[in-house]
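Taking it in order: structure first as structure tokens, then the write-up.
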Amino acid sequence: MKGDRERSGSLELREWFQSAIIAIILAFIIKMFLFDFVMVQGSSMVPTLENGDRLIINKIGYTIGEPNYEDVVILSYSKNVEYVKRVIAKGGDTVEIKDQVVYLNDQPLSEDYISPEPYDNFAKVTVPVGTYFVMGDNRANSSDSRYPSLGFVEKSAIDGKVIFRIWPLNAIGVVN
């Protein structure tokens with residue numbers, strides 16, 4: 001009787017250990033290839049996103065597809081620096097800013113998601129093929145493609161698309 005309990009206990013321990021290993025492997029795969037969690041740092045996406053918001057990003061979407069206009073994306077430029085920006089233009093497009101209106105291919109964009117703070121004009125540029133032009137929604141306080149420190153963004157620098165805000169609780173939902 002005692003031997004049966006010992007075998008049963010060691011069998012349960014082994015099954016628990018195997019389950020834990022499988023869970024860890026699945027979590028690793030999900031985090032590395034499918035989804036990730038990020039925290040907004042800074043005010044460049046106000047009013048859409050606030051400092052401290054916690055987000056879920058879809059990492060696999062851009063592995064098989066391309067970023068679309070107005071997608072909110074996460075960019076990585078180093079191990080510790082992630083930017084949250086909005087895709088404004090793709091390779092081959094022209095971008096210009098006059099009197100606080102962004103022109104994409106000479107057509108004004110309707111951007112009801114941006115901060116009303118005034119921001120500077122930007123001379124017309126053509127986005128190089130294979131890159132993207134990104135901007136923060138808080139145009140007056142955003143390091144984005146208008147500045148050489150970020151410039152045009154290659155697809156390889158885009159980690160994924162922001163799909164859902166999980167914090168704060170009063171703002172949980174899909175991010176558009």
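For this structure, a couple of remarks:
- Considering residues of the range 144-154 that are surrounded by 14 or more Cβ atoms within 10 Å (Cβ to Cβ) and not in a strand (DSSP E or B) only, the residue modelled with the lowest pLDDT: Leu150
- Yes/no for Tyr69 being at pLDDT 80 or above, part of a helix (DSSP H, G or I) and within 25 Å of Thr131 (Cβ to Cβ): no
- Meets criteria (among the small types (Gly, Ala, Ser) and not in a strand (DSSP E or B)) for Ala89: no
- Residue check, Thr63 crowded, with 16+ Cβ neighbours inside 10 Å, within 19 Å of the chain's Cα centre (by Cα) and over 22 Å from Leu49 (Cα atoms): no
- For the range 70-124, a tally of residues being touching a residue at least 12 places away in the same chain (Cβ under 8 Å) and of a type in the set (S, T, N, Q) returns 6.
The values are calculated or read from the model by the stated rules, or taken from the named source; none is laboratory data. Remember, predicted model here, so these are calculated numbers, not experimental data. For neighbour counting, all protein chains shown are included, and Cβ atoms are generated from backbone atoms with ideal geometry for every residue, glycine included.
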